[in-house]
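One structure is given here, and the rest of the page talks about it.
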Amino acid sequence: MRLSVVGCGYLGAVHAAAMASIGHDVVGIDIDERKVAALSKGEAPFFEPGLQEILTEGIASGRLSFTTDMSAAQGAKVHFVGVGTPQQAGGYAADLTYVDAAIDGLLPFLTEGDIVAGKSTVPVGTAVRLAPRVSATGATLVWNPEFLREGWAVQDTVDPDRLVAGVPSDDGYPTAEGERAADILREVYHPSVEKGTPFIVTDYATAELVKVSANAFLATKISFINAMAEIAEVTGADVTTLADAIGHDARIGRRFLGAGIGFGGGCLPKDIRAFSARAEELGRGESVAFLREIDAINLRRRDRAVDLAVDALGGTVFKKNITVLGAAFKPQSDDIRDSPALDVAVRLHGLGAWVTITDPAAIENARRVHPQLNYVEDRDEALREADAVIVVTEWDEYRRELSPEHAATLARGRTVIDGRNCLDAASWRAAGWTYHGMGRP
Ligand code: UDX
């Protein structure tokens, strides 16, 4: 099938390449000329495992191309919209400028029977507002949220755990037009549909809410365990053992119970804020008032990591060499948007520490935003002469591949702060280090 994908950021670029990899003819459209030039040469504009391979393959096969020219969308049967919905500059709500511009830009190139499939994360009520504009061209708007995780984006797109299609509905039931649109999406995602992946057809509002509520739930799970970490800190309990123990309850589950410096990235923080703002607009602010607390707990964990460093270094970090291992908001990513790791590094720098920071993928991005830090590519070089080491992104390079004995040959001090509870505390202690975890004795 011929597809267009408007917006070639983390979401759109992966979606375009993944759709080509399952046999479709895809054109990716973006206003950023540099990004389009890179993608057209088969170069991934950001770090995402597996993306490079499917980009190269797609372009070589002739099924995948990129352009800045919106008219290239003409002739495609399904037009995906995967542009950003960042937090508004002056508030918590989502900025829908790019979504509106993408839809308006597509309108002149739509033909009767086309499908416009919104993938961006939007406040509930967006699709119903946009639908008349799309319908006026004879095309149909559907909302088809994306649940991909950075670092696993290719796999999550090619083989998702569920597919959701919000289609035109009447009283909660899909109209004939809605049924037809859902069938076309089933054709697009044929390998998943044939495999039996749940394909949920619903109305616009439910589809939009599935996405934001999933992210709200995940954020809540992380902040819940971080709240337990705060209690553990004043009682001498160990939050990691606690998480293991409650995680054995199948109703709870161990995933996303990793206590540490909390969540960041381009999605969870802004999505819970946009959800609160939207709930307030709807007169139901109290229903998700707890999300404010989730956000507050999350941000407190960054303070906690900084406090641990200050205490461990005798009450001040002024003129102390602190090596920060990690800058990305999570491993397998070069994304530094709202990265707790980078935030901790910047705060330590602000307190007068000499911060040396390293990361396997995110240095370039981090340097652009925070040029004041000392960036070092080589992990061992970064560890040299450190008075304290703080692990803030749980890359394998730090978690598995850095032995405490080896680190001890490089650093000056013997203080390690495990901001992600990802190190083996016993072996670091055995090698002579003073180990500080998050919510651990
Ligand atoms: C998230 C959702 O998982 C995904 O479904 C959605 O489509 C987009 O938002 P992503 O932003 O890629 O994906 O990251 P995710 O893996 O969810 O991690 C988010 C943050 O939470 C990271 O900073 C991570 O370090 C942190 N985290 C995760 C924890 O602090 N503890 C955990 O147990 C898990």
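Observations on the structure shown:
- Förster-model FRET efficiency, 41 Å R0, R251 and E385, C-beta, rounded to 0.05: 0.25
- Between N374 and E405, residue separation times 0.36 nm minus the direct Cα-Cα distance comes to 8.7 nm.
- Long pairs among K41/K195; K35/K77; K119/K330; K77/K195; K77/K221, criterion Cα-Cα beyond 30 Å: K41/K195; K77/K221
- Residues K211, K35, arranged from fewest to most other Cβ atoms within 10 angstrom of their Cβ, appear as K35, K211.
- Segment 108-174: GluC sites (Glu not before Pro) falling in loop per DSSP and having at most 11 other Cβ within 10 Å: E112
- A straight chain from D424 to T111 at 0.36 nm per residue would run longer than the Cα-Cα distance by 106.8 nm.
- Shown here is the pair-distance distribution of the chain: with all Cα-Cα distances grouped in 10 Å bins from zero up to the longest one, the shares run 4, 20, 28, 24, 16, 7, 1, 0 percent.
- Positive contributions from Lys and Arg (+1) and negative ones from Asp and Glu (-1), summed over other residues with Cβ under 9 Å from the Cβ of T140, come out at -1.
- Shape analysis of segment 2-202 based on the Cα gyration tensor places the equivalent ellipsoid semi-axes at 24, 20, 17 Å, largest first.
- Distance between the 7 Å Cα→Cβ label points at A431 and A60: 4.0 nm.
- FRET efficiency for E281 and D104, using Cβ-Cβ distance with R0 set to 30 Å, rounded to 0.05: 0.85
- Debye log10 I(q)/I(0) at q = 0.16, 0.17, 0.20, 0.22 Å⁻¹ for segment 296-396, Cα point scatterers: -0.59, -0.67, -0.94, -1.14
- Karplus-derived 3J(HN,Hα), 6.51/-1.76/1.60, for each residue of segment 323-332, Hz, glycine and proline x: 9, 9, 9, x, 9, 5, 6, 6, x, 6
- In terms of other Cβ atoms within 10 Å, R34, R400 run from fewest to most in the order R34, R400.
- Under-5 Å amide H pairs with L3, H placed in peptide plane, nonlocal only: D25, V26, V27, K77
- Label-point gap, in nm, between A89 and F217 - each point 7 angstrom along Cα→Cβ: 3.7
- R400 sits among other residues whose Cβ lies under 15 Å from its own Cβ, and their net charge, with Lys and Arg +1 and Asp and Glu -1, is -4.
- Reduced Cα scattering model of segment 203-441, Debye log10 I(q)/I(0), q = 0.09, 0.11, 0.12, 0.14 Å⁻¹: -0.39, -0.57, -0.67, -0.89
- When the P(r) of segment 386-428 is calculated, the portion above 13 Å amounts to 48% of the C-alpha pairs.
- Full extension of the segment from A72 to R129, taken as 0.36 nm per residue of separation minus the current Cα-Cα distance, would add 18.0 nm.
- Taking every alpha-carbon pair in segment 180-226 and binning the separations at 5 Å intervals from zero gives 5, 18, 18, 17, 17, 12, 8, 5, 1, 0 percent.
- Sequence of D271, D170 once ranked by neighbouring C-beta atoms within 10 Å, starting from the fewest: D170, D271
- Relative contact order of the chain, defined on C-alpha pairs under 8 angstrom at six or more residues apart (%): 12
- For segment 343-441, the percent of C-alpha pairs falling in each 5 Å distance bin, counted from 0 to the bin holding the largest distance, reads 3, 13, 24, 27, 20, 10, 3, 0.
The numbers here are math on the coordinates, done by the rules we state, and not lab data. Please read these numbers as outputs of a predicted model, since none were measured by experiment. Backbone-built Cβ (ideal geometry, glycine too); neighbour counts: all protein chains shown.
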